[in-house]
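These notes are about the structure you will find just below.
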Amino acid sequence: MPRVRLCLNLCCGVLLALLIPAVFAQSPSTPTLAVDAAANVHPIDPNIYGIASFGLDPQFSPNIYGIPSNDLDPQFAQEIRVPNVRWGGDTATQYNWLVDSSNMGFDWFFLGGGIQAHSLPGASVDQMISTFGAFGARPLVTIPIIPFINRSAASTCSFPVSVYGPQQEVDPYDHPEGQTCGNGISLYGAKLIDNDIYSNHVDNSVSLQQGWIEHLISTFATAANGGVPYYQLDNEPSGWFNTHRDVMPNGAAYPEIVALGEEYAAMIKQTDPSASVFGPSDFSGRGWVGNPKQQNNLYAGQYYLQQMASYEQQHGRRILDYFDEHYYATSTDNASELASTRTLWDPTYLGPGGSVFNAPIDLLTRLKNWIQQYYPGTKLSISEYGFSSWRDPLVDALTEADVLGIFGREGLDFANMWTIPMPPAPVLCIFRIFRNYDGQGGQYGNVSVESTSSDQGRLSIYGALRLSDHALTVLVINKTTQPIATALSLANFAASTASVYSFSGADLTRILPAGSVAVVSNQIDYDFPAYSATLFVIPNDALFSATTTALSTPTINPKAGESVTFTASVVPASRLGTPTGTVDFVNDQTVLGTVLLNSGKASLQTAALSPGPHTITALYSGDASYGASTSSILNITVSSVGDYALALSSSSLQVGSGSSATLMVTVTPQNGFAAPVAFACTGLPAGAACNFSPSSVALQANSAAVTSMSVSVPAALSGVHIVLPQMPGSNWLFWLWLVAAILCLASVKKHASADRIKLRSFRLLILAAGCFCLFGCALGGSNSNAQLSTENRTAYIVTVTAGGTNVPTHSQQFTLTVLR
């Protein structure tokens, strides 16, 4: 027995020795943090710190229709120097500026009018603009493009119980003219139809909304002169079928949304060319997808960008400045809420809510790629977003801090957080870290620099240089319930001390000063509290002279494709010495190129600017003796270079296997268009090829050019081509077979003693007829594919595309019939 015990003890000891290292190996290591002040440098647009103001009541009343007010507190907005405020939301869709009232839609019992006691046109929006504009906040105003808007300031509702009968829910607070207002859903769950739309609504029109913009211009001036700079094309149009189904019970497909958007956007640009237009302002999920079958097999956002680009090509002017969407993240607990910010940037993270793309959302990268592919030069906006779950106010705040850090790091152009009831809760208080962390106007940096964490899920980090005093600001967020002690290393930045500011559960209403820490050998050792956001403000100890950077160009109105030269001049404040280093030339948020200074100057030449407005800045990096600086914004507008028409000599072409045939392609310049145009084709059968002679043409103004397109088909196309005879009426034959088969099977049980040979023969006959019907239904009927088959020929829809660098893209289609 002792030997047995000894063996058992030895075995247990060996097993533990093997297991213990494995357990320790699986424990998470301490995250390491690093900031490189000279890497991945790009400006942060202050517009990412915008906030939405939901309510229409400019008095910021605490209760509207019995629900908490979501108005933004003006005092708090002033404290954080909010850069922009969005006037929008579901209610804005049916706003009628002439009567200064709207309809709440499905959000609140389709209640219209009576939202505010103003009699002057547009008074509530005017007051909101004045209130926030007094301390520099710039408004984003929603322009309704829905076909119907609210009729009058008098209180009404679309589905009164007296007319439409009992409903699932009724308004417990409001009774316009003694009516009980329902939610438009019957007791049996049926969605009711408003059979008298014009009793509460009037037709919307471009001219009516133009009158409102003219009113705003006369009240506040044009955008270029300090008036309303941003206009939004309605709110979440994909949801009209639900939120505003009293007037749009069938909603609007994206072709209609695009057509309406083009009409109203063109009007906005005509009325105030200096204003920027946002669209489609749709919502996460269904609003991003739409119906691809109606959208050139594209997602809704892709289609929208494609059509807006096409409008510019056809009309020679850009009418969309910001591609704008809304986003709400999904979470199930504190951990998943803190992780939900990964849906903005992480191509490997799906999240608990899944994705309409059947893949990680990777939202900012995805939307930027859409813009680059379908309408380059368009800025990106998220004019309504929310990550808060309202489970834990501290977690909500830390998640928002992470969101704002990501927006700056990823180069987003514009954003508005959807507000919460007053007074400012922790999730809004977190804006102080970025806009006024010390109560004296101290702000997070305005130039993002490279910041890395070995475990961003536990310890997130964001860094930015503040050009006003060359300080480095670094935000670290501990997303765990345990303190984490680690080191923060700094590169390309000289410092000896750092001031510390903290937000944690110790005080959910303030950003607290936490003393200072030493920077030793370019490293800060710090113990980050559990569930906290820590801001380091690190003065630059380098001995340098301040500089100013001036940016110039010979023309601010170049044509598309025209080469433009930008020159940056860096001058020391002392006027002594010559700065060295590099200058980044930035187009909006995109770096066009980095150029070395030569005798204090750097020049960049580019022909890559797309038609439309651009904001160009020059960022001087600084060197060992001279501080970094950024130029003022240089606004330029690139004009279109005309257009051209594409035509084919025939809409059809027949070619036999193993031979070729030819079509002529004609390109006719319009409005003085003169640029090279190249050709391509798609949709050919496998193995076939098209060749253009010449492959491109150099167009001259008012002179058409022709190229010959030859289509060659191999002797044997790849794949197997099966053709079955088409059976008229195959659908009813299938159902006849199904009924016969059921009767046959039933008869087997009733007549078990019948002649089995006859029965088997009958059953085989039924089976054969069924197969014949099934094959006829599946293969003999019509289909929606581009390939159309008959017994001895196959037809393909071929697309011929013309385009080139900074020129419009056009396409034409023809039917290619391959004879066998």
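Of note:
- The set of residues in the stretch 636-651 being among the hydroxyl-bearing types (Ser, Thr, Tyr) and open to solvent by less than 30 Å² (accessible area, probe 1.4 Å) consists of Tyr644 alone.
- Condition met for Ile633 (open to solvent by less than 20 Å² (accessible area, probe 1.4 Å) and hydrophobic (A, V, I, L, M, F, W, C)): no
- Leading residue by the ranking (nearest to Tyr328 (Cα to Cα)) among those in the stretch 269-293 that are modelled with pLDDT under 95 and aliphatic (A, V, I, L, M): Val289
- Note on the stretch 409-445: residues that are farther than 30 Å from Thr91 by Cα, in contact with a strand residue (DSSP E or B) (Cβ under 6 Å, 6 or more places away or on another chain) and assigned to a helix (DSSP H, G or I) total 2.
- Scanning the stretch 517-541 for residues that are among the hydrophobic types (A, V, I, L, M, F, W, C) and either touching a Pro at 6+ places or on another chain (Cβ under 6 Å) or over 24 Å from Asp469 (Cβ atoms) (or both) returns Phe528, Ala530.
- Conditions (1) surrounded by 19 or more Cβ atoms within 10 Å (Cβ to Cβ); (2) farther than 28 Å from Lys368 by Cβ: number failed by Ser599: (1)
- Checking each residue in the stretch 670-690 for being over 35 Å from the mean Cα position of the chain (by Cα) and surrounded by 15 or more Cβ atoms within 10 Å (Cβ to Cβ) picks out Pro685, Ala688, Cys690.
Residues are listed down the side, and each one gets a yes or a no for (1) under 16 Å from Val82 (Cβ atoms); (2) under 26 Å from the mean Cα position of the chain (by Cα); (3) open to solvent by less than 10 Å² (accessible area, probe 1.4 Å):
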| site | (1), (2), (3) |
| --- | --- |
| Ala401 | no, yes, yes |
| Phe407 | yes, yes, yes |
| Pro424 | yes, no, no |
| Tyr437 | yes, no, no |
| Gly441 | yes, no, no |
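- If you go through the stretch 664-697 and keep only what is modelled with pLDDT of 85 or more and part of a loop (DSSP other than H, G, I, E, B), you end up with Leu684, Pro685, Ala688, Pro694, Ser695.
- Checking Ile477 against (1) buried (at least 23 other Cβ atoms within 10 Å of the Cβ); (2) assigned to a loop (DSSP other than H, G, I, E, B), the condition it does not meet: (2)
- Screening Asp588 with (1) touching a Lys or Arg at 6+ places or on another chain (Cβ under 8 Å); (2) more than 25 Å from Gly445 (Cα to Cα); (3) not polar (S, T, N, Q) gives one miss only, at (2).
- Residue ID - nearest to Ser281 (Cα to Cα), chosen from residues in the stretch 83-111 that are charged (D, E, K, R) and open to solvent by 10 Å² or more (accessible area, probe 1.4 Å): Asp90
- Test set (1) of a type outside the set (A, V, I, L, M, F, W, C); (2) closer than 23 Å to Gly112 by Cα; (3) in contact (Cβ under 8 Å) with a residue 40 or more places away in the chain - Gly251 fails condition number: (3)
- Candidates in the stretch 602-627 are the residues that are more than 26 Å from Ala275 (Cα to Cα) and of a type in the set (Gly, Ala, Ser); of these, the one that is surrounded by the most Cβ atoms within 10 Å (Cβ to Cβ) is Gly622.
- Test: residue in the stretch 365-384 that is at positive phi, without any contact (Cβ under 8 Å) to a residue 24 or more places away in the chain and open to solvent by 20 Å² or more (accessible area, probe 1.4 Å): no
- Hits in the stretch 426-438 (condition: in contact with a helix residue (DSSP H, G or I) (Cβ under 8 Å, 6 or more places away or on another chain) and touching a residue at least 60 places away in the same chain (Cβ under 8 Å)): Pro426, Leu428, Cys429, Ile430, Phe431, Arg432, Ile433, Phe434, Arg435, Asn436
- Flag if Pro424 is modelled with pLDDT under 95 and over 19 Å from Ala335 (Cα atoms): yes
- Within the stretch 263-309, the set of residues being under 15 Å from Pro611 (Cα atoms) and either touching a His at 6+ places or on another chain (Cβ under 8 Å) or free of Cβ contacts under 8 Å to residues at least 40 places away in the same chain (or both) comprises Pro273 only.
- Filter result for Met664 (surrounded by 14 or more Cβ atoms within 10 Å (Cβ to Cβ) and within 25 Å of Val818 (Cα to Cα)): no
- Some residue of the stretch 33-46 being over 24 Å from the mean Cα position of the chain (by Cα), modelled with pLDDT under 50 and in a loop (DSSP other than H, G, I, E, B): no
- Check on Thr548, farther than 30 Å from Ala678 by Cβ, touching a Pro at 6+ places or on another chain (Cβ under 9 Å), open to solvent by 20 Å² or more (accessible area, probe 1.4 Å) and not small (Gly, Ala, Ser): yes
- Cβ-Cβ under 6 Å pairs, at least 6 apart or on other chains, the stretch 346-362 side farther than 17 Å from Thr332 by Cα and free of Cβ contacts under 8 Å to residues at least 40 places away in the same chain, far side assigned to a loop (DSSP other than H, G, I, E, B) and open to solvent by less than 20 Å² (accessible area, probe 1.4 Å): none
- Meets criteria (farther than 24 Å from Ile185 by Cβ, of a type in the set (Val, Ile, Thr) and open to solvent by 10 Å² or more (accessible area, probe 1.4 Å)) for Val258: no
- Verdict on Asp623 being more than 31 Å from the chain's Cα centre (by Cα) and among the acidic types (Asp, Glu): yes
- Within the set Tyr349, Tyr299, Tyr304, Tyr328, the sole residue that is closer than 23 Å to Ala92 by Cβ and open to solvent by 20 Å² or more (accessible area, probe 1.4 Å) turns out to be Tyr328.
- The criterion of at least 1 residues that are surrounded by 23 or more Cβ atoms within 10 Å (Cβ to Cβ) is met by the following helices (runs of 4 or more DSSP H) wholly inside the stretch 144-247: 206-220, 240-243.
- Looking across the stretch 396-437, the residues that are over 24 Å from Ser276 (Cα atoms) and either touching a Cys at 6+ places or on another chain (Cβ under 8 Å) or of a type in the set (Phe, Trp, Tyr) (or both) come down to Ala397, Phe431, Phe434, Tyr437.
The values are calculated or read from the model by the stated rules, or taken from the named source; none is laboratory data. The structure displayed is predicted, hence computed values, not measured ones. Heads up, the Cβs are rebuilt from the backbone with ideal geometry, glycines too, and the neighbour counts pull from every protein chain shown. Just the protein is used for accessible areas: all its heavy atoms, side chains included, with ligands, DNA and RNA removed. Shrake-Rupley method; radii C 1.70, N 1.55, O 1.52, S 1.80 Å.
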